[in-house]
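Worksheet for the structure shown next.
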Amino acid sequence: MPRPERTRIMCVANQKGGVGKTTTAVNLAVALALHGNRVLVIDLDPQGNASTGLDVPHHTGIPDVYDCLINSVPLAEVAQTVEGIPNLWCVPATIDLAGAEIELVSVVARESRLARAIAAYPGTFDYVFIDCPPSLGLLTVNALVAAQEVLIPIQCEYYALEGLNQLINNINLVRQHLNPALEVSTILLTMYDRRTRLADAVEQDVRNHFGDKVLQAVIPRNVRVSEAPSYGQSVMTYDPGSRGATSYFEAAQEIAERGAKEPVSRHA
Ligand SMILES: Nc1ncnc2c1ncn2[C@@H]1O[C@H](COP(=O)(O)OP(=O)(O)OP(=O)(O)O)[C@@H](O)[C@H]1O
Ligand SMILES: [Mg+2]
């Protein structure tokens with residue numbers, strides 16, 4: 001897999017819950033790290049699912065992304081290595097982060113706390129994935145201000161496109177006022193069930209609407225993907241031969257190749 005010339009900071013966002021944001025952030029990060037990229041995952045969801053999926057300790061008392069956002073602790077001090085995956089680090093989220101949405105309101109430069117923290121990171125990464133919560137609050141805004149690219153996972157089901165306008169509006173607002181470099185670079189179809197005609201219809205809709213932003217790779221609904229987190233693993237390591245793993249590998253490959261063709265400008 002080609003490595004990008006500059007760090008690609010990708011915000012994985014969709015305010016709809018349970019569409020595969022965390023699964024996508026974790027599995028793409030592992031796939032890219034296993035192929036020689038230096039990757040950081042920032043868990044920006046108080047649920048801490050990305051931390052769980054990467055088996056990174058995130059109980060109360062563990063320094064986490066909350067400390068970086070609210071108390072200006074450097075990201076490097078809270079980032080943990082991911083066991084078994086060289087070149088992969090994770091900034092965990094503990095339940096403390098649940099308070100941040102409110103506490104950030106009165107903090108100076110509240111929308112750009114995460115961008116500043118990433119810019120101050122002394123190491124260099126090929127990729128930074130930010131796993132967003134299912135809301136459009138200040139945490140997601142921080143991720144949109146910190147990123148150059150937005151990756152939107154879309155679940156292949158009936159209401160898939162509902163609510164997306166709201167996300168796109170927010171992205172446009174952030175681009176106008178806070179982060180001109182921001183673009184929706186990647187759409188990934190998740191939990192595709194090829195036995196249903198509906199999944200096919202949703203795929204066509206999404207491809208018509210978003211054109212070549214939509215990756216050719218589609219992630220099927222695959223039980224191995226949903227089992228992996230309970231073993232503190234990505235599906236890439238839990239069952240590398242499964243269709244879930246090979247699809248996430250293909251998606252990672254496409255993302256890497258697209259980045260090599262059109263180098264993404266660095267804004268941080
Ligand atoms: N391709 C897949 N096949 C089967 N199950 C999947 C697949 N992708 C995700 N899942 C399962 O669907 C559920 C939701 O996925 P995930 O947690 O990644 O979504 P999310 O968008 O991050 O959710 P939230 O909005 O709560 O953060 C999880 O239980 C996950 O294991
Ligand atoms: Mg999630």
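Tabulated values for the structure
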quantity	calculated
Unique residue being within 14 Å of ligand 1 (Cβ to nearest atom), assigned to a loop (DSSP other than H, G, I, E, B), out of contact with any Phe, Trp or Tyr (no Cβ under 9 Å at 6 or more places or on another chain) and open to solvent by 20 Å² or more (accessible area, probe 1.4 Å) when the list is 84, 17	17
Residue 69 in contact (Cβ under 8 Å) with a residue 12 or more places away in the chain, open to solvent by less than 10 Å² (accessible area, probe 1.4 Å) and farther than 19 Å from residue 95 by Cα	no
Whichever residue in segment 213-236 is open to solvent by 50 Å² or more (accessible area, probe 1.4 Å) and more than 15 Å from ligand 1 (Cβ to nearest atom) and, among such residues, is farthest from residue 191 (Cα to Cα)	213
Identity of the residue in segment 241-262, loosely packed, with under 15 Cβ neighbours inside 10 Å and not in a helix (DSSP H, G or I), that ends up farthest from ligand 1 (Cβ to nearest atom)	262
Flag if residue 50 is open to solvent by less than 10 Å² (accessible area, probe 1.4 Å) and either modelled with pLDDT under 95 or within 16 Å of ligand 1 (Cβ to nearest atom) (or both)	yes
Qualifying residue in segment 91-108 (condition: in a loop (DSSP other than H, G, I, E, B), more than 16 Å from residue 10 (Cα to Cα), of a type in the set (A, V, I, L, M, F, W, C) and at pLDDT below 95)	yes
Residue that is in contact (Cβ under 8 Å) with a residue 40 or more places away in the chain and more than 24 Å from residue 184 (Cβ to Cβ), where the choices are 100, 143	100
Some residue of segment 132-149 being surrounded by 18 or more Cβ atoms within 10 Å (Cβ to Cβ), among the polar types (S, T, N, Q) and touching a Cys at 6+ places or on another chain (Cβ under 6 Å)	yes
Residue 157 in contact with an Asp or Glu (Cβ under 9 Å, 6 or more places away or on another chain) and assigned to a helix (DSSP H, G or I)	no
Yes/no for residue 112 being within 29 Å of residue 210 (Cα to Cα), more than 13 Å from the chain's Cα centre (by Cα) and either aromatic (Phe, Trp, Tyr) or open to solvent by 10 Å² or more (accessible area, probe 1.4 Å) (or both)	yes
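The values are calculated or read from the model by the stated rules, or taken from the named source; none is laboratory data. Note that the coordinates shown come from a computational prediction; the quantities given were computed from them, not determined experimentally. Don't worry about glycine lacking a Cβ; one is built from the backbone with ideal geometry, like all the others, and counts go over all protein chains shown. All accessible areas refer to the heavy atoms of the entire protein, side chains included, with ligands and DNA or RNA removed. Shrake-Rupley method; radii C 1.70, N 1.55, O 1.52, S 1.80 Å.
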